[in-house]
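Structure first, then comments.
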Amino acid sequence: MILKTHIVEWIRLYSSYIAENKEYLTELDAAIGDADHGINMARGFNEVSHRMASLDSMDIGNIFKNVGMTLLSKVGGASGALYGTLFLRMGMAAAGKEELNSSELLAELTAGVEGIRQRGSARPGEKTMVDALEPAVTALRAALDGGAAPCEALRAAEAAAKEGMEATIPMQATKGRASYLGPRSVGHQDPGATSAYLLIKAAADALCAQNGS
Ligand code: ADP
Ligand code: MG
């Protein structure tokens, strides 16, 4: 079972990974965007961190919803709307729940990534966060179908997200700010795919730390 404490730990860990990688994400965005991705994300998750204490008393659906609303109001940029949508959609899928089984977690992540795809209309291969998130969800589904425990399945998702993130390097961006560069966007890792990989890594770290399996 995935407990509310796992979800809170996921968000807490992700907030710290964003803070630690603020400069790195901003450097990646400096190469193909406007050098604000780390700053945007850190602003949002810093606010999420401040609100963590009040999240503790909510059900999982409301925790995700609150994170989503905070990101929508604080992050700004393309990523604010996209990550905000991800968490709001996960919140709808998890409405009223105090714990989740692994197929519910899969359903929520799937709904969240679908929300990002609708909102940003990006398909895989366009050098965006979708290139890390979509393979992660696919790997998670395959691992769970194969009988993997949540920790093991999320490790598989993390590995797929990392591969997807690295695969953005040779891609030419066709969505978002990086697309303005045309062929000059080739050869750089996408900042949003990088923050998306960290999101999946945080989920794996949170579940594996407390489940031990
Ligand atoms: P902005 O581009 O507005 O400055 P950020 O720098 O915070 O916003 O985020 C940039 C990231 O957002 C990109 O690296 C990319 O992964 C993601 N992104 C941009 N546009 C889209 C889109 N249409 N669909 C999915 N992701 C996108
Ligand atoms: Mg930017």
Next on the checklist: Scan the range 22-44 and tell me whether some residue there is more than 16 Å from ligand 2 (Cβ to nearest atom) and under 19 Å from ALA202 (Cα atoms).
Outcome noted: no
Item to check | Check on LEU88, within 14 Å of ligand 1 (Cβ to nearest atom) and either in a loop (DSSP other than H, G, I, E, B) or not aromatic (Phe, Trp, Tyr) (or both) | outcome: no
Checklist entry - Given GLY125, GLY115, GLY164, which one is at pLDDT 95 or above and on the phi > 0 side of the Ramachandran plot? => result GLY125
Item to check | Single match in SER16, SER73, SER49 (criterion: away from ligand 2 (no atom under 16 Å from the Cβ) and touching a helix residue (DSSP H, G or I) at 6+ places or on another chain (Cβ under 6 Å)) | outcome: SER49
Next on the checklist: Checking GLY76 against (1) within 15 Å of ligand 1 (Cβ to nearest atom); (2) at pLDDT 95 or above: exactly one of these is not met. Which one?
Outcome noted: (2)
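The values are calculated or read from the model by the stated rules, or taken from the named source; none is laboratory data. Quick caveat, the model's predicted, so the values are computed rather than measured. Cβ: placed from backbone, ideal geometry, glycine included. Neighbour counts: every protein chain shown.
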